[in-house]
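A short reminder: the numbers here are calculations on the coordinates, not readings from a lab. All of these numbers come straight from a predicted model, not from anything done at the bench. Please note: Cβ atoms are built from the backbone with ideal geometry, for glycine as well, and neighbour counts cover all protein chains shown.
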Amino acid sequence: MRINRLARIALMVAATGALSFLRIPLPFTPVPITGQTLGTMLAGLLLGPGDGAVSQVVYVLLGVAGLPLFGGLAGPGVLMGPTGGYLVGLIGGAWVTGSIAGGRTAALPVFAGCFFGGIVAVYVPGALWLSLVTGMGVSAAFVAGVVPYIPGDLVKILAAYMMANRLAFLREGPMRNR
């Protein structure tokens, strides 16, 4: 693995970890609003599906190993708690976003695909795990763990979309804008 590839992956691990500190607890759910999904979508857009997903695997593993990357929290208990499914979903979110983008970020279909594909890849395991861990039904977990986050995640996807166009130099080759 080339050093510049490793550096880009490490940069996305650090970005996702830093963005996790943008954390707003909500009184009606154990799932806070965080900036992690912004880091995940950036990883997919800038690194592509494979390396984007690898960056999120490394992010989750480092947090589980004890680095306080989950908004100041760490350890396997976080993964086993109500937000564990969302953390695992970050991996799929980066992969789906990178797959849909295919190196292109300027087109509106890429933006829409990243939102509807990439963020859904985070929501599905997150809501299912939330339901399992808390004992609430799947529909209640969807209402508590997905619906309130859609507007903010739309803003984060828009931010990732705009940032990825400006940070295209982080890709190995130039991003193809279509």
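Go through the residues of the stretch 18-30 one by one and say whether even a single one is in contact with a strand residue (DSSP E or B) (Cβ under 9 Å, 6 or more places away or on another chain) and basic (Lys, Arg). Taking every residue of the stretch 18-30 in turn, at least one turns out to be in contact with a strand residue (DSSP E or B) (Cβ under 9 Å, 6 or more places away or on another chain) and basic (Lys, Arg). Restricting attention to the stretch 117-165, the residues that are farther than 15 Å from residue 97 by Cα, exposed (fewer than 15 other Cβ atoms within 10 Å of the Cβ) and touching a helix residue (DSSP H, G or I) at 6+ places or on another chain (Cβ under 7 Å) total 2. Any residue that is surrounded by 24 or more Cβ atoms within 10 Å (Cβ to Cβ) and not β-branched (Val, Ile, Thr) - is there at least one of those in the stretch 68-78? Looking for residues that are surrounded by 24 or more Cβ atoms within 10 Å (Cβ to Cβ) and not β-branched (Val, Ile, Thr), one finds at least one in the stretch 68-78, hence yes.
The set of residues from the stretch 26-39 being more than 18 Å from residue 73 (Cα to Cα) and either of a type in the set (D, E, K, R) or within 8 Å of the chain's Cα centre (by Cα) (or both) comprises just one member, 38.
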